[in-house]
Amino acid sequence: MVLGTTSGAGKSWLATALCRHYARQGFKVAPFKAQNMSNNARVVAGPQGAWGEIGSAQYFQALAARAVPDVRMNPLLLKPEADTHSQVVLLGQVSEELSAMPWRGRSQRVWPQIAAALDALRAENDVVVIEGAGSPAETNLHASDVVNMRVARHAGARCLLVTDIDRGGAFAHLYGTWALLPGDERALIHGFVLNKFRGDASLLAPAPEDLQKLTGVPTVATIPMQWKHGLPEEDGVFDDRSAAAGAVHTTVAVVAYPRISNLDEFQPLKNVPGVRLVWARSPAGLAGADWVVLPGSKATAADLAWLRARGLDGAIAAHAARGGRVLGVCGGLQMLGEALVDTEGIDGNAPGLGLLPLVTAFARGKTVQPTRARFGALPGAWGALAGVAVAGYEIHHGQTAQHPAMAAKGDVAREVIPGLAWSNPAGNVLGLYLHGLFEDAAVLRALFGAEAPTLDGVFDGLADALGASFAPGVLDALVQ
């Protein structure tokens, strides 16, 4: 099990690398994270042939493990919709009852399903790589814990505790986390891991030795900082330090509204030579952009209001008027239309940006499914996609269609994939419900004539880095 001293310490990265490492040793491997809080989700197989959602991190970990992703690998997914409210997804399906329950009251309701999912994966696999959440030493959450030490105790897991040394205070974080755990839980910690290290490792002495004297736990790995490992960050974060090297031919500005979702699907763009991804939280963020992307949103109407309050609506419209490319994905597609209509209290009513003559009606039913499609005739800036077959996934409330009154006046969107994608007549504004567009190699070839590193290559690179960073014999001993 991989635990962390903080969020962002590197749990997901390390768990993914471990999945590929043990798979390469010939083990049958599965990932597991009892509870994930993220608006980055993937569509995977559920019980009785139903499709469900899990966090993107566990989806990628399953691929790294060479396993088929399924909902048991992340039985509880919390998708934040506001600062104090999350949609609860249990075993792949939205539960309105659990979503309405207080946080602490929820844990006893969900623990039996979590334990059953973990037990099933343990029975079916040689190795299960478990990821914790946040820190296991949050004493205010310990009694209602269903993701950290309760899971570790249930499985008798051998635990690694990872910290981000680049932040500073790493040894204090490790010691403080260990010290706050009860004695029986401390005994499960088999090694400390220093992640994101820059500099001369010899300068760390004598801190690892001193820490071992205090805790009895060895520091088993020092992992160097890796800006370009190619794996999407769990929350889709990217920055210029991890941008592709070389001359930039295309700058893609992603509008980063507060409830942004599924940012990880843009990772392949970051890996394409000559493509630069930047955040846009103000009109200045769009300056110099070749593409403007409106990504998915867990609260479309609220994020649309945020966008307007910052003047981004006018900047996006001006970019489109100049012939610049605009792409809306899922919630971004809904924003590009004329109106959001919500009679069910799902998301909220709002006027759209008016760049496509479409209207979206929200309903209680949620579309969650993998999707294969082919682009039809597509003129203009996005014309390279015409005829390209694509595979991806849908996760959305609401259905989108041509605005009837505008159609009566002759203002008709070009439907380039039936029920899924539309463009304006000029062909520079494209909106679609299909997530995962840039994870399709055919799309990258059509748009850039280039390939991004394959996920398999990325996973092997992670495992190689892991093997070079751990003390000899440690990884083998963890599974014996």
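The values are calculated or read from the model by the stated rules, or taken from the named source; none is laboratory data. Predicted, not measured: the structure shown is a model, and the values here were computed from it. Neighbour counts are summed over all protein chains in view; Cβ atoms, including those assigned to glycine, are modelled from backbone coordinates with ideal geometry. For the accessible areas, the whole protein counts, side chains as well, though only heavy atoms, and no ligand, DNA or RNA atoms are used. Shrake-Rupley method; radii C 1.70, N 1.55, O 1.52, S 1.80 Å.
Some notes on this structure:
- Pairs of Cα atoms in region 125-170 fall into 10 Å distance bins, from 0 up to the last occupied one, in shares of 23, 48, 25, 4 percent.
- Alpha carbon convex hull of region 332-411, projected area averaged over orientations, nm²: 6.2 nm²
- Separation of region 270-321 and region 8-26, taken as the distance between their Cα centroids, equals 33 angstrom.
- For region 243-331, DSSP calls about 15 percent of its internal beta bridges antiparallel.
- Grouping the Cα pair distances of region 349-480 into 5 Å bins from zero gives a pair-distance distribution of 2, 9, 14, 16, 14, 11, 8, 7, 5, 5, 4, 3, 1, 1, 0 percent in increasing distance order.
- Rolling a 1.4 Å probe over the heavy atoms of the protein chains gives the chain an accessible area of 39 Å² per residue.
- In the chain, helical runs assigned H by DSSP with n ≥ 4 each contribute -39500 (n - 2.57); averaged across all residues and rounded to the nearest 500, the mean residue ellipticity at 222 nm is -8500 deg cm²/dmol.
- Legend: residues 279, 291, 111, sorted from most to least accessible area (1.4 Å probe; ligands, DNA and RNA excluded), read 279, 111, 291.
- Binning the alpha carbon pair distances of the chain at 10 angstrom intervals from zero yields the distribution 4, 20, 29, 25, 15, 6, 1, 0, expressed in whole percent.
- Bridge type composition, the chain - antiparallel percent by DSSP, nearest 5: 45 percent
- Computed from the alpha carbon positions, the gyration tensor of region 60-128 leads to an equivalent ellipsoid with semi-axes of 25, 14, 8 Å, biggest first.
- Portion, in percent, of the accessible area of region 313-464 that falls on carbon or sulfur, probe 1.4 Å: 53 percent
- Local electrostatic count, residue 404, Cβ distance below 12 Å [Lys/Arg +1, Asp/Glu -1]: -1
- Using the empirical formula 2.2 N^0.38 Å as the baseline, the Cα radius of gyration of region 24-64 reaches a ratio of 1.28.
- Using a Förster distance of 30 Å, the FRET efficiency for residue 200-residue 25 (Cβ separation, nearest 0.05): 0.45
- For residue 281, the accessible area of its heavy atoms, probed at 1.4 Å with every protein chain present, is near 130 square angstrom.
- Difference of contour (0.36 nm per residue) and Cα-Cα distance, residue 207 to residue 225: 4.6 nm
- Projected label distance in nm at residue 411 and residue 123, using a 7 Å step from Cα toward the beta-carbon: 5.9 nm
- Packing-based ranking, highest mean first, of 338-345, 398-405, 45-52, 259-266 given that Cβ atoms within 10 Å are counted: 259-266, 398-405, 338-345, 45-52
- Other residues whose C-beta falls under 15 angstrom from the C-beta of residue 146 contribute a net charge of +2, scoring Lys and Arg +1 and Asp and Glu -1.
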